[in-house]
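See below for the structure under consideration.
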Amino acid sequence: MSLTVLMLVNRLNIGGTETHVLSLAKQLKKEGVDVIIGTGGGPLEPLFLGSGLEIAHLPFETDNPVYSEYKLLLEKTKQLVQERSVNLIHAHSIAALKVGVQVSDETLVPCIATIHGKFYPPRQLRSLLDRCPKTIAVIQPVVTWLPKAIDYPLQQIALIPNGVETEYYCPGERLNSFRAQLQIPEGHKLVVLVSRLAWEKTRVVEAAIQAVVNLQNEYPIHLAIVGSGDHQPLIYASASLANDTVGKEVIKVVGQKLDPLECYQAADVVIGTARVALEALSCERPLIAAGNTSYVGYLEPTNLEKAWAVYFGDHHWAYPLTVERLTDDLRHVLGNQTQAEHNSTTLRKWVIKNFDIKKIAKQTLQFYDATISGRELSEALVAQLPTPDQSTSDKTPQKEKNKELTISTDERPLISVAIPAYNHAHYLKECLQSVAAQTYRPIEIVVVNDGSTDNTDEVAKNWWKDLEDKNGLSFVYLSLPHNTGYASAQSIAYQLSTGEFIANQDSDDVSHPERLQKQLAFLLSNPDYSLVGTNFAVFQTDITKKRRSYMVRYGFERIKESYLNGGHVICFGTLLFKRIVFERVGGLTSFLKGAEDYEWITRVLNQGFYADNLREQLYYYRSHPGQLSRLVKGVGKIKRPWEYEITG
């Protein structure tokens, strides 16, 4: 039976998903499948056409088509399916899936999806996948995520990874035209970083820039940054500053490349993740894996399977990214080139065995056949959940967890405690006393009176005046002429602070005496982390009568995944963070009324900072009728972040 497949992908941008669709469609065509690419076009379109693939232009304009766009897409796609006698619709993006499942309902042509990561909106994806008889996951973390977050049946999921054209992505001449274009002198080392230049990737790029600068006195080394994105201007600025620092152009921002083959082949080391990692390994180049979520490091046969389990750091937790780690790994590879070349040969064989596009296309055809015929997936295709010893841990490394949480007398940085206050005069003294009672010193207490109409001003000033033991304490007080709102007052407190570390503290809450001591000890013992909260208890009037909170989660990966899914698992008032966090992301914004803290934490995590919570209850959250969360959220109904009022 002849097979006609409509591959739906809303845009042909330069990325791993689109490159996989290109490779898969080319191989399926060689296998005799009639493949139609339904798309709104994009930069990669010439490569699709040059490969002899048929493109059907569909009016995709947005990532979430609605109203007239959605109606027109349904009309055109349905017409295409009927006129070409399509047997199967294969969607590769959320917009494509939204169109595909509806056309499937109307034409009875089955629609399946390939889920390329955990970045899809869970609620929307759940409603769409419910209409798909089967689904492909490209990596193990997605297999684990789909049943848990989407409630999709495991027996309907096939694990079929992205395929690589290993005959094309192969070893090649090092001294090629790409090196010539960059004017890299013979004998100099070239590090190539291939990445999308957007928020979640920027930290990797900036760390690579700093690492190459650090190695200038050891090796004649250059960095080529290949890619584009919203933050390309920021990368240009960082590269320019780095070049000025060393007095020569060693960092080169190349921009996007439709075909990165020569970039890989020219490199002494490649830095990348996900599909970039597979392509570089197929080209037999040494690889340092650094992704959205975490850092894996230099790949060797010994850590290869772990690297694949976390998709080279792109979708699961391995280690925090630091400039020091990346510098050490680059130094190791460049100082052991013979061993690196030997490892690269072994790793290419691994890619050929597991990811060659011919093998992936055959698995995909088996999946198509099972879907169209209505059969269950074969045992070879159906995905399996990892066993506990196979799954990656989201916990702090054991050696760091067991490290004694003490602070020596010679490393006592100043902690600024930022306290915005608005009409909490009757609670403020108890709050300030809890800060003064901290076992840690030195502390700078910063109170911003946000235009209170009660006697907050009198309480704050008299408390400091009457405080007997001011040893190791300093007090900064600012009274604003009118109420500016929580986000503004909190941000002003950050601006007034001078500490290397900043602690949040709500003016109606109370801190345990050892809170700051233990939080700072954690950050000093775990320098990869920049923020730490704590567990907390809730009380009303009597702090001895408190109840446990179940809001907090532990482990960076679980925390980040919670925020990606719209959860809120760090109590903002408990946070202690490094000043560099505020300097990089700024203060709170007020466009999400009642969720300013959620938006700030999400922004910080998206910038690549690592956070965790201490399990001990070191903060006491006062529950009372006048608190901000009650006024905004309403009693008895906790809103999700997308339900809050957007202003401005």
Within the stretch 531-539, identify whether any single residue is touching a helix residue (DSSP H, G or I) at 6+ places or on another chain (Cβ under 6 Å), among the hydroxyl-bearing types (Ser, Thr, Tyr) and closer than 25 Å to residue 234 by Cβ, and answer yes or no.
no
Determine the pairs where a residue that is farther than 26 Å from residue 537 by Cβ, located within the stretch 568-591, has a partner that is buried (at least 16 other Cβ atoms within 10 Å of the Cβ) and among the acidic types (Asp, Glu) with Cβ atoms under 7 Å apart, the partner being 6 or more residues away or on another chain.
589/596; 589/599; 590/596
Can you tell me which residue is nearest to residue 430 (Cα to Cα) among those in the stretch 532-563 that are of a type in the set (Lys, Arg) and within 22 Å of the chain's Cα centre (by Cα)?
553
When only residues in the stretch 557-588 that are part of a helix (DSSP H, G or I) and in contact with a Lys or Arg (Cβ under 6 Å, 6 or more places away or on another chain) count, which is farthest from residue 313 (Cα to Cα)?
585
Suppose the filter is without any contact (Cβ under 8 Å) to a residue 40 or more places away in the chain and open to solvent by less than 10 Å² (accessible area, probe 1.4 Å); does residue 215 pass it?
no
Scan (1) surrounded by fewer than 16 Cβ atoms within 10 Å (Cβ to Cβ); (2) in contact with a strand residue (DSSP E or B) (Cβ under 9 Å, 6 or more places away or on another chain); (3) assigned to a helix (DSSP H, G or I) for the single condition residue 180 breaks and write down its number.
(2)
Search result, residues across the stretch 512-545 that are among the aromatic types (Phe, Trp, Tyr) and not in a strand (DSSP E or B)
522, 529
Can you tell me which residue is surrounded by the fewest Cβ atoms within 10 Å (Cβ to Cβ) among those in the stretch 130-157 that are in contact with a helix residue (DSSP H, G or I) (Cβ under 8 Å, 6 or more places away or on another chain) and free of Cβ contacts under 8 Å to residues at least 24 places away in the same chain?
153
Specify which of the listed residues (279, 300) is acidic (Asp, Glu), buried (at least 24 other Cβ atoms within 10 Å of the Cβ) and farther than 20 Å from residue 232 by Cβ.
279
Test for residue 194: is it more than 17 Å from residue 274 (Cβ to Cβ) and aliphatic (A, V, I, L, M)
no
What pairs come out if I take residues in the stretch 1-28 that are farther than 17 Å from residue 257 by Cα and pair them with residues that are part of a strand (DSSP E or B) and of a type in the set (Gly, Ala, Ser) whose C-beta lies under 6 Å away, six or more apart or interchain?
6/38; 8/38; 8/91
Residue 204 versus (1) modelled with pLDDT of 95 or more; (2) crowded, with 17+ Cβ neighbours inside 10 Å: which is the lone unmet condition?
(1)
Go through the stretch 131-147 and report how many residues are within 26 Å of the chain's Cα centre (by Cα) and within 20 Å of residue 372 (Cβ to Cβ).
3
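Every residue, every condition in (1) of a type in the set (Ser, Thr, Tyr); (2) touching a Ser or Thr at 6+ places or on another chain (Cβ under 6 Å); (3) over 22 Å from residue 212 (Cβ atoms), yes or no:
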| residue | (1), (2), (3) |
| --- | --- |
| 294 | yes, no, no |
| 297 | no, no, no |
| 324 | no, no, no |
| 329 | no, no, no |
| 343 | no, no, no |
| 352 | no, yes, yes |
| 362 | no, no, yes |
| 371 | yes, no, yes |
Of the residues 307, 340, 361, 370, only one is within 26 Å of the chain's Cα centre (by Cα) and open to solvent by less than 10 Å² (accessible area, probe 1.4 Å); which?
307
With respect to residue 548, determine if the residue is surrounded by fewer than 20 Cβ atoms within 10 Å (Cβ to Cβ) and closer than 18 Å to residue 606 by Cα.
no
Which of the residues belonging to the stretch 1-39 are assigned to a loop (DSSP other than H, G, I, E, B), of a type outside the set (A, V, I, L, M) and over 27 Å from the mean Cα position of the chain (by Cα)?
2, 31, 32
I need the full set of residues from the stretch 1-32 which are open to solvent by 10 Å² or more (accessible area, probe 1.4 Å) and β-branched (Val, Ile, Thr), in order please.
4, 14, 17, 19
Could you go through the stretch 8-17 and let me know if any residue there is at pLDDT 95 or above and either aromatic (Phe, Trp, Tyr) or out of contact with any Ser or Thr (no Cβ under 8 Å at 6 or more places or on another chain) (or both).
no
Quick one: in the stretch 35-61, of everything that is open to solvent by 20 Å² or more (accessible area, probe 1.4 Å) and touching a residue at least 40 places away in the same chain (Cβ under 8 Å), which residue is nearest to residue 127 (Cα to Cα)?
43
Quick one: how many residues across the stretch 110-129 are surrounded by 20 or more Cβ atoms within 10 Å (Cβ to Cβ) and of a type in the set (S, T, N, Q)?
1
Residue selected from the stretch 497-511 under the condition outside any strand (DSSP E or B) and out of contact with any His (no Cβ under 6 Å at 6 or more places or on another chain), by the criterion most open to solvent (accessible area, probe 1.4 Å):
500
Counting residues that are more than 20 Å from residue 55 (Cβ to Cβ), which strands (runs of 3 or more DSSP E) fully inside the stretch 81-175 reach at least 2?
111-115, 135-137, 157-159
Condition set of a type in the set (Ser, Thr, Tyr) and surrounded by fewer than 18 Cβ atoms within 10 Å (Cβ to Cβ), scope the stretch 526-545, selection nearest to residue 599 (Cα to Cα): answer is 541
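Condition check ((1) touching a residue at least 12 places away in the same chain (Cβ under 8 Å); (2) within 21 Å of residue 179 (Cα to Cα); (3) over 28 Å from the mean Cα position of the chain (by Cα); (4) buried (at least 18 other Cβ atoms within 10 Å of the Cβ)) across all residues:
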residue	(1), (2), (3), (4)
222	yes, yes, no, yes
230	yes, no, no, no
234	yes, no, no, no
240	no, yes, no, no
255	yes, yes, no, no
260	yes, yes, no, yes
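Yes/no matrix, rows are residues, columns are (1) part of a loop (DSSP other than H, G, I, E, B); (2) in contact with a helix residue (DSSP H, G or I) (Cβ under 7 Å, 6 or more places away or on another chain); (3) of a type in the set (Phe, Trp, Tyr):
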position: 435; (1), (2), (3): no, no, no
position: 445; (1), (2), (3): no, yes, no
position: 454; (1), (2), (3): yes, yes, no
position: 457; (1), (2), (3): no, no, no
position: 470; (1), (2), (3): yes, no, no
position: 482; (1), (2), (3): yes, no, no
position: 489; (1), (2), (3): no, no, no
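The values are calculated or read from the model by the stated rules, or taken from the named source; none is laboratory data. Bear in mind the structure is a predicted one, so any value in this text is a computation, not a measurement. Neighbour counts are summed over all protein chains in view; Cβ atoms, including those assigned to glycine, are modelled from backbone coordinates with ideal geometry. Just so you know, the surface numbers come from the protein's heavy atoms only, side chains and all, with ligands and any DNA or RNA stripped out. Shrake-Rupley method; radii C 1.70, N 1.55, O 1.52, S 1.80 Å.
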